[in-house]
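K.L.:
Take a look at this one; I'll ask things after.
Values in this text are rule-based calculations from the coordinates and carry no lab data. Since we're looking at a predicted model, the values are computed, not measured. Glycine also receives a Cβ, built like all others from the backbone with ideal geometry; neighbour counts cover every protein chain displayed.
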Ligand SMILES: NC(=O)c1ccc[n+]([C@@H]2O[C@H](COP(=O)([O-])OP(=O)(O)OC[C@H]3O[C@@H](n4cnc5c(N)ncnc54)[C@H](OP(=O)(O)O)[C@@H]3O)[C@@H](O)[C@H]2O)c1
């Protein structure tokens, strides 16, 4: 299965590309700039010990079965509509977190659609959107392939897409995929990241989440 990253040149896309590359997926790094995509793909290839391609975002979206959105939330409204045809019928994974900093404190601006993932679904009506990876800090993903020891909550209105993304998430070393329900629940998952950023500052750590009590 080929997995591409729209805005894959940032720390989150790069870290996920590294981990999913190691998990056996064919990975494509997308960017607005083909040269930047090629340079980051070279870095991921070197780190993962396998060939990763870099392409412009539109080519990356066309070339993969699963397309992960790793642009900043504010960039979604301009970035996603041109990809509509390229992702029609495909699984699109939203990793974005709406975030603003006031006086240095992180907070979550209101999103009319409910969440970044629901906005992605509204912008890409023919895609099968799932939300995942919002709670995974980029630094830990990229450093090495140590087990993450974290849960990845996956939300979607498309049951088959959710299962596929749960399988993708579970491929990351030391990650457990958790069914988070419908896409509307993604707003809570996105909110947890804002909490984690505050906790990270208090403890000078890179934290994640584990759900207790699952069978
Ligand atoms: N960083 C984390 O630890 C973390 C953790 C959980 C979730 N996330 C979420 O994952 C996403 C990516 O995070 P990140 O830290 O990697 O973000 P980032 O570095 O700020 O941006 C990622 C990439 O998006 C593209 N981009 C930036 N501004 C854009 C614009 N105005 N229009 C189109 N493309 C633009 C850039 O790629 P090109 O310039 O190459 O096109 C950039 O390299 C965000 O939505 C974030 O909320 C991040």
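K.L.:
Only Cα pairs under 8 Å and at least 6 apart count here; give the relative contact order of the chain as a rounded whole percent.
P.N.:
Reported relative contact order: 18 percent.
K.L.:
Only counting other Cβ atoms within 10 Å, I'd like 51, 193 sorted with the fewest neighbours first.
P.N.:
51, 193
K.L.:
Per residue, how much space in cubic angstrom lies within the convex hull of the C-alpha atoms of the range 71-191?
P.N.:
Roughly 109 Å³ of hull volume per residue.
K.L.:
Can you tell me what the convex hull of the Cα atoms of the chain projects to on average, as an area in nm²?
P.N.:
11.3
K.L.:
By what distance, in whole Å, do the Cα atoms of the range 1-126 stretch along each of the three principal axes, largest value first?
P.N.:
Principal-axis extents of the range 1-126 (Cα, largest first): 41, 36, 26 Å.
K.L.:
Taking the Cβ-Cβ separation of residue 88 and residue 200 as r and a Förster radius of 25 Å, what is the calculated FRET efficiency to the nearest 0.05?
P.N.:
E between residue 88 and residue 200, to the nearest 0.05, is 0.10.
K.L.:
Based on alpha-carbon centroids, what's the gap between the range 139-215 and the range 1-47 in Å, whole number please?
P.N.:
That distance is 19 Å.
K.L.:
What percentage of all Cα-Cα pairs in the range 1-70 are separated by more than 16 Å?
P.N.:
That tail contains 30 percent of the Cα-Cα pairs.
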